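Single-structure report; data block below.
The values are calculated or read from the model by the stated rules, or taken from the named source; none is laboratory data. As the structure is a computational prediction, the values presented were derived from the model and not from experiment. Neighbour counts run over all protein chains shown; Cβ positions are idealised from the backbone, glycine included.
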Amino acid sequence: MGFDVGMIVTGKVTGIKKFGAFVTLEDKRSGLVHISEIANSYVEDISAHLEEGQEVKVKIIGIDETGRINLSIKKAEAPSDERPPEPRPVRRPVSSAPQGGRSFHQASAPKAPPTFEDQLKQFMQESNSKISGLEMYSAKKSSRRKSKG
């Protein structure tokens, strides 16, 4: 049986390594499912997702010039209609001090989740702050070295 990129076939897991799982296909040829192609979520331990002898449906995502077959389990699954989970908003501590002399909490409308642009802006601000802190630390450290010599 000839294999082509894009085909979905079944195979049996014959070996599990830290970097991926080896799968023997129908004609006794073997392919590799890289750890990044096992599931749509982060995979730390392949054994938590697969076990030797397990039959799996895989999609052929590549065949190199030496004939090695690259496989994907996550791409062989039918696309689901469900959307990826929304990122959880970052929780900020609430001040317990009364505002404007009032000792009760005012009910406010729930805030909409931040837009991508807002999240990107916040990330850039935090990143720039960290970089400037590292630059100041580096400058202090190098000035200490110069003064010792």
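So which residues in segment 11-58 are acidic (D, E) and either in contact with a helix residue (DSSP H, G or I) (Cβ under 7 Å, 6 or more places away or on another chain) or without any contact (Cβ under 8 Å) to a residue 12 or more places away in the chain (or both)?
Start the filter on segment 11-58 by keeping residues that are acidic (D, E), which leaves 26-27, 37, 44-45, 51-52, 55.
The answer is E44, D45.
Working carefully through the options S72, S36, find the one that is closer than 30 Å to Q122 by Cα and at pLDDT 90 or above.
Sole residue among the options that is closer than 30 Å to Q122 by Cα and at pLDDT 90 or above: S36.
Of the conditions (1) at pLDDT 90 or above; (2) surrounded by 12 or more Cβ atoms within 10 Å (Cβ to Cβ), K17 satisfies every one except a single condition; which number is it?
Looking at each condition in turn, K17 falls short on (2).
Is it true that G53 is modelled with pLDDT of 90 or more and buried (at least 19 other Cβ atoms within 10 Å of the Cβ)? Can you show your working first?
Values: modelled with pLDDT of 90 or more: yes; buried (at least 19 other Cβ atoms within 10 Å of the Cβ): no.
Considered against the rule, which asks whether it is modelled with pLDDT of 90 or more and buried (at least 19 other Cβ atoms within 10 Å of the Cβ), G53 comes out as no.
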